[in-house]
Amino acid sequence: MHSKKQTPEKYYVGIDVGSASVRAALVDGFGTVMAHAEQPIQIWEPQPDHYEQSSADIWAACCSVTKKVVSGVDASRIRGVGFDATCSLVVVDKQFQPLAVNCEGQNYRNVIMWMDHRAVSQVERINATQHRVLSYVGGVMSVEMQPPKLLWIKENLQESCWEKAGHFFDLPDFLSWKATGATARSLCTVVCKWSYTSDKGWDDSFWKMIGLEDLVEDKYEKIGNHVLSPGESVGKGLTPEAAKDLGLPEGIAVAASLIDAHAGGLGVIGADVKGHNLPCENQPITSRVAMICGTSSCHMGVSETPIFVPGVWGPYFSAMVPGLWLNEGGQSATGKLIDHVVRGHVAFPELQAKAAASAHSIYTYLNSHLDLIKKSSPVGFLTVDLHVWPDFHGNRSPLTDLTLKGMVVGLTLSQGLDELALIYLATIQAIALGTRHILETMQAAGHHINTLFLCGGLSKNPLFVQMHADITGKPVVLSKEVESVLVGAAILGACASGDFASIQ
C-alpha cells in the first residue's frame with residue numbers, strides 16, 4: 001500500500017505500570033504494537049487493607065521490559081516515550097531516596113498502593129468538611145485518593161516519614177521524574193487524585209481545613225507546583241542515566257503521563273468504527289464510554305461541558321482527552337474479585353487439574369463448562385436462583401460507600417465444579433449490573449451514552465464481554481489491538497515527540 005519512498009518507520013514506547021506487573025510496548029505511527037513485554041512487580045500486604053510497593057522495584061521492571069521491546073531496533077527511529085501507572089502514592093526524601101510508608105521503617109516499601117484502604121478515618125473527616133473541591137469528585141472523596149493518604153502519613157508516621165519527606169508523587173509522575181529529572185506533574189494525576197482544579201489550581205483553604213497546611217507553606221513544592229497537560233514534553237527528555245537504564249537514546253521526548261485507566265481510555269475512545277452500523281457512528285465521542293477492566297474497572301465518559309454526577313468522580317477538565325471534561329465511574333475490585341471467588345472455592349483444585357489437562361486457562365475452561373451445563377436457555381439464565389452483591393472491597397461508584405461488603409444469596413449444599421462455574425457466572429453478572437448502575441447514573445445526570453468500548457485484561461474474557469452487552473443493552477466494541485493501555489501510553493510519547501500536533 002505504501003510507496004517505495006516511504007521514510008523509515010518511526011516508533012514510540014509505551015510503558016504501563018499496573019497493580020501486579022509492568023508492561024512495555026514498541027508501537028508504530030499507525031498504532032500497531034510491534035513488540036510487547038511484561039514483568040511482575042511485588043506487592044506487600046503487611047496488614048489487612050494495607051498494600052505497599054517499592055518504587056525501585058517498579059523502575060527496575062520498567063527498565064527490563066523496555067530493553068526487551070527495543071532490542072534490535074534502530075535507536076534513531078524511536079522518537080518518544082510515554083508512561084502510565086496506577087494512581088499509587090510514592091514518597092521520597094529531600095535527596096529523592098525512598099522513604100518508608102510503614103511502621104516497620106522499611107524504606108524500600110515507599111509506595112502506598114491505590115487500593116490501600118488504611119486512611120478510612122482520614123477520608124471520613126475530609127468528607128465531613130464538605131469543602132467545595134469535593135464537588136469535583138462526585139461529592140465524596142475516595143479513600144483511594146491522595147489527600148487522605150497524606151493525612152494518614154502525617155498522623156501515623158510524623159517523624160519517620162512526614163517530616164523527612166521531600167516529595168510526594170503520584171506514581172505516573174514519579175516515572176516521568178525518574179526519566180527526566182523534572183518534578184513537573186501531569187494535569188491528569190493532580191486533578192483526578194489530589195484535588196487540583198484546572199481553573200483555580202491548588203486551593204489553600206482545602207489543605208488548611210484538613211490539617212495539611214504544611215504543604216501550602218512550602219508553596220506546594222512537595223506535591224508539585226508545575227503542571228503539564230498529558231502528552232506535553234517533560235524537561236529536556238531522557239536524562240543520560242535514565243536512557244542507559246531503559247536502553248533508549250538520550251534526550252528523546254518524555255511525555256507528561258496518565259493514570260493507567262486514562263491511558264486505556266485514550267487508547268480506545270477515539271477509535272474509527274465506520275461501517276459497523278454502531279449507534280456511535282457519526283456521533284461525537286461524547287456518546288461513548290471507555291471501560292478499562294483489570295484488577296478494578298473504570299468507566300470513562302467525556303463531555304464538552306462539565307457534568308456533575310453524584311457518586312462519580314469528576315468532572316475533570318482535560319484529564320484524559322485535552323479540551324474535554326471527564327467523568328470517571330469505577331468498581332474497586334473486578335478482576336481481583338473474580339479471582340478471589342474462583343480460587344477460594346472448594347472445587348478450585350479440580351478446575352485447575354481439568355483446565356491443565358485440556359491445555360486451557362481456568363477461565364476458558366469455566367466458560368466452556370457453562371456452555372455444557374446450560375439447557376435450551378442462554379447461559380445467563382443459569383443463575384436465576386444465585387445472586388452476588390459484588391462490593392467485597394466497598395463501592396466506589398455510584399454509592400461511594402467503602403464500608404459495603406459482599407454478599408452471595410442462593411447457595412446450596414452442592415460444591416462441585418458446576419457450582420463453581422455458577423458462582424463465577426453470577427459474579428461476572430453482578431459486576432456487569434454494577435456497570436449498568438454507573439451508566440444509568442451518568443445518563444440521569446446528562447450524559448448521552450450509546451456504545452461501550454472495552455479494554456484491559458477482562459475484556460479478553462468473552463463471557464465478561466457478553467454479560468456486559470446483555471445487561472447494559474449496549475453494543476460493546478473491542479479493539480483489534482488488545483493492549484489498548486500501552487497504545488494510550490505510546491500516544492502520549494508520539495504527541496511529546498512533536499510528530500503529531502496534538503493528542504487528538
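Some values worked out for this structure:
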read-out: Qualifying residue in the stretch 409-431 (condition: on the phi > 0 side of the Ramachandran plot and buried (at least 18 other Cβ atoms within 10 Å of the Cβ)); value: no
read-out: Odd one out for Tyr108 among (1) in a helix (DSSP H, G or I); (2) surrounded by fewer than 21 Cβ atoms within 10 Å (Cβ to Cβ); (3) in contact with a helix residue (DSSP H, G or I) (Cβ under 8 Å, 6 or more places away or on another chain); value: (1)
read-out: Residue among Ser64, Ser76 that alone is over 25 Å from the mean Cα position of the chain (by Cα), assigned by the TED database to the domain that holds Ile210 and under 24 Å from Ala256 (Cα atoms); value: Ser76
read-out: Number of positions in the stretch 424-440 that are over 18 Å from Phe381 (Cβ atoms) and over 21 Å from the mean Cα position of the chain (by Cα); value: 1
read-out: Residue in the stretch 339-356 that is among the basic types (Lys, Arg), exposed (fewer than 15 other Cβ atoms within 10 Å of the Cβ) and either assigned to a helix (DSSP H, G or I) or touching a helix residue (DSSP H, G or I) at 6+ places or on another chain (Cβ under 9 Å) (or both) present; value: yes
read-out: Where a residue in the stretch 215-243 is aliphatic (A, V, I, L, M) and its partner, wherever it lies, is open to solvent by 80 Å² or more (accessible area, probe 1.4 Å), with Cβ under 6 Å and at least six apart; value: Leu238/Glu250; Ala243/Glu250
read-out: Residue in the stretch 55-76 that is in a strand (DSSP E or B) and under 30 Å from Ser479 (Cβ atoms) present; value: no
read-out: Residue match in the stretch 115-124 (condition: at positive phi and not acidic (Asp, Glu)); value: no
read-out: From Thr295, Thr286, residue being open to solvent by 30 Å² or more (accessible area, probe 1.4 Å) and within 12 Å of the chain's Cα centre (by Cα); value: Thr295
read-out: Matching residues, the stretch 112-158, being of a type in the set (S, T, N, Q), farther than 15 Å from Ala100 by Cα and out of contact with any helix residue (DSSP H, G or I) (no Cβ under 9 Å at 6 or more places or on another chain); value: Gln130, Ser135
read-out: Every residue from the stretch 158-181 that is over 11 Å from Asp93 (Cα atoms) and surrounded by fewer than 19 Cβ atoms within 10 Å (Cβ to Cβ); value: Gln158, Glu159, Gly181
read-out: Unmet requirement for Pro8, which otherwise passes all of (1) closer than 23 Å to Gly335 by Cα; (2) over 17 Å from the mean Cα position of the chain (by Cα); value: (1)
read-out: Test: Pro306 is modelled with pLDDT of 95 or more, open to solvent by 10 Å² or more (accessible area, probe 1.4 Å) and either over 22 Å from Gln146 (Cα atoms) or in contact with a Gly (Cβ under 9 Å, 6 or more places away or on another chain) (or both); value: yes
read-out: Within the stretch 438-493, considering residues that are part of a loop (DSSP other than H, G, I, E, B) and basic (Lys, Arg), the one farthest from Cys280 (Cα to Cα); value: Lys480
read-out: Thr435 open to solvent by less than 20 Å² (accessible area, probe 1.4 Å) and under 24 Å from Ile285 (Cβ atoms); value: yes
read-out: Number of positions in the stretch 118-155 that are of a type outside the set (A, V, I, L, M), crowded, with 19+ Cβ neighbours inside 10 Å, out of contact with any Lys or Arg (no Cβ under 9 Å at 6 or more places or on another chain) and part of a loop (DSSP other than H, G, I, E, B); value: 1
read-out: Residue, most open to solvent (accessible area, probe 1.4 Å), within the stretch 358-400, restricted to residues that are among the polar types (S, T, N, Q) and touching a residue at least 60 places away in the same chain (Cβ under 8 Å); value: Thr400
read-out: Selection count, the stretch 1-37, where residues are of a type in the set (A, V, I, L, M, F, W, C), open to solvent by 60 Å² or more (accessible area, probe 1.4 Å) and at pLDDT 95 or above; value: 1
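The values are calculated or read from the model by the stated rules, or taken from the named source; none is laboratory data. None of the values given here were measured: they were computed from a predicted structure. Here the Cβ is made from the backbone with ideal geometry for all residues, glycine too, and neighbour counts use every protein chain on show. Note: areas computed on protein heavy atoms with side chains; ligands, DNA, RNA excluded. Shrake-Rupley method; radii C 1.70, N 1.55, O 1.52, S 1.80 Å.
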